[in-house]
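The values are calculated or read from the model by the stated rules, or taken from the named source; none is laboratory data. Please read these numbers as outputs of a predicted model, since none were measured by experiment. Quick reminder, even Gly has a Cβ in these numbers, built from the backbone with ideal geometry, and neighbours come from all protein chains shown. Surface accessibility is based on the protein's heavy atoms, side chains included, excluding ligands, DNA and RNA. Shrake-Rupley method; radii C 1.70, N 1.55, O 1.52, S 1.80 Å.
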Amino acid sequence: MLNKIDVESGEPIARRVYRVLRQAIVTMQFRPGQALSEQEIADQLGVSRQPVREAFIKLSEAGLLTIRPQRGSFVVKISVKQVLDARFVREAVETAVVRKACETITPAGIAELRDNLKAQWDIADEPVPVRFLELDEAFHRTIAIGAECDYAWRIVEETKAQMDRVRYLSVPYATPIRRLISQHQAVLEAIVARDPVKAEAAMGLHLREILTSLPELEGKFPDLFTLEEAGTPPAPKTATRSSGRSRIAALR
């Protein structure tokens with residue numbers, strides 16, 4: 001059940017609806033394969049159907065929802081191919097961003113990163129996936145802003161919808177949170193040292209972590225994943241199903 005949104009906030013309603021629904025899909029409140037009703041969502045959020053329809057279209061463009069005329073709208077399975085594509089793009093962009101951050105980030109930006117990292121360590125022993133994802137997002141966004149690469153961060157945000165669902169699953173089920181925080185710390189230490197080579201290497205290592213967690217998660221939750229592009233018809237079934245690791249390796 002979704003909470004009603006504040007329609008008087010001044011932000012376009014469709015944008016707020018999109019954010020709420022994206023978060024619900026990423027955090028598995030809406031599961032892959034689940035049907036979503038425009039009218040039911042509108043009633044829960046306290047808005048008309050029009051902004052919900054606009055949000056559905058944007059979610060479809062992001063690869064999180066498939067809209068089938070006369071049949072309904074459904075949350076798509078996690079596309080392994082799109083996760084790997086997004087990871088490739090994200091590494092290419094963010095390693096360049098962190099190199100620039102070593103030159104341009106201000107002391108205030110570094111202080112913000114330190115505060116963020118402290119907040120991450122504070123929840124390391126009792127991780128809450130949603131809270132950690134918020135801090136993780138803020139950490140990477142702060143680096144991009146410190147590098148004066150706001151547009152680059154918007155590109156990352158637009159490409160990582162599928163990746164975010166894997167990140168949400170990985171914290172409790174595949175990747176030790178302390179490992180991720182330690183990787184963030186290595187990135188920050190390289191930025192503080194103004195060492196672009198170490199910063200790039202640390203960021204690349206961090207963003208390749210998903211290559212380890214992804215096959216493990218697919219093995220644990222095979223019904224959540226697909227090798228197809230999000231929203232495409234399923235491939236014909238074969239007599240046997242290969243392991244998650246070998247299927248993912250075939251796409252890398």
Looking at region 4-116, what % of the alpha carbon pairs are farther apart than 25 Å? 42
Over the Cα atoms of region 173-226 the radius of gyration and the largest Cα-Cα distance (Dmax), both in Å, equal 14.1, 45
Would you list, by chain and number, the aspartates and glutamates whose Cα falls below 19 Å from the Cα of LYS81, excluding same-chain residues fewer than 8 positions away? GLU61, GLU91, GLU157, GLU158, ASP164, GLU209, GLU216, GLU218, ASP223, GLU228, GLU229
0 to 90° range, to nearest 10: angle between helix 13-26 axis and the chain longest Cα axis: 80
Across all Cα atoms of the chain, Rg and the largest Cα-Cα distance (Dmax), in Å, are 19.1, 59
By the mean-Cβ-within-10 Å protection proxy, highest first, 82-89, 41-48 rank as 82-89, 41-48
Rounded to the nearest 10 Å², the accessible area of LYS81 at probe 1.4 Å: 70
To the nearest Å², the heavy-atom accessible area per residue of the chain with 1.4 Å probe amounts to 51
Rounded to 5, percent antiparallel among DSSP beta bridges of the chain: 75
Here the gain from full extension of TRP121 to GLU158, 0.36 nm per residue of separation minus their alpha-carbon distance, amounts to 10.5 nm
Mind jotting down the three principal axis lengths of region 104-185 based on Cα atoms? Whole angstrom, largest first. 36, 28, 17
Amide H of LEU36: which non-local residues (sequence gap of 5 or more, or other chain) have their own amide H closer than 5 Å, using H built in the peptide plane? SER73, PHE74, VAL75
Nearest 10 degrees, 0 to 90: helix 107-122 Cα axis against the chain principal axis: 60
Accessible carbon and sulfur surface of the chain relative to its total accessible area, %, 1.4 Å: 53
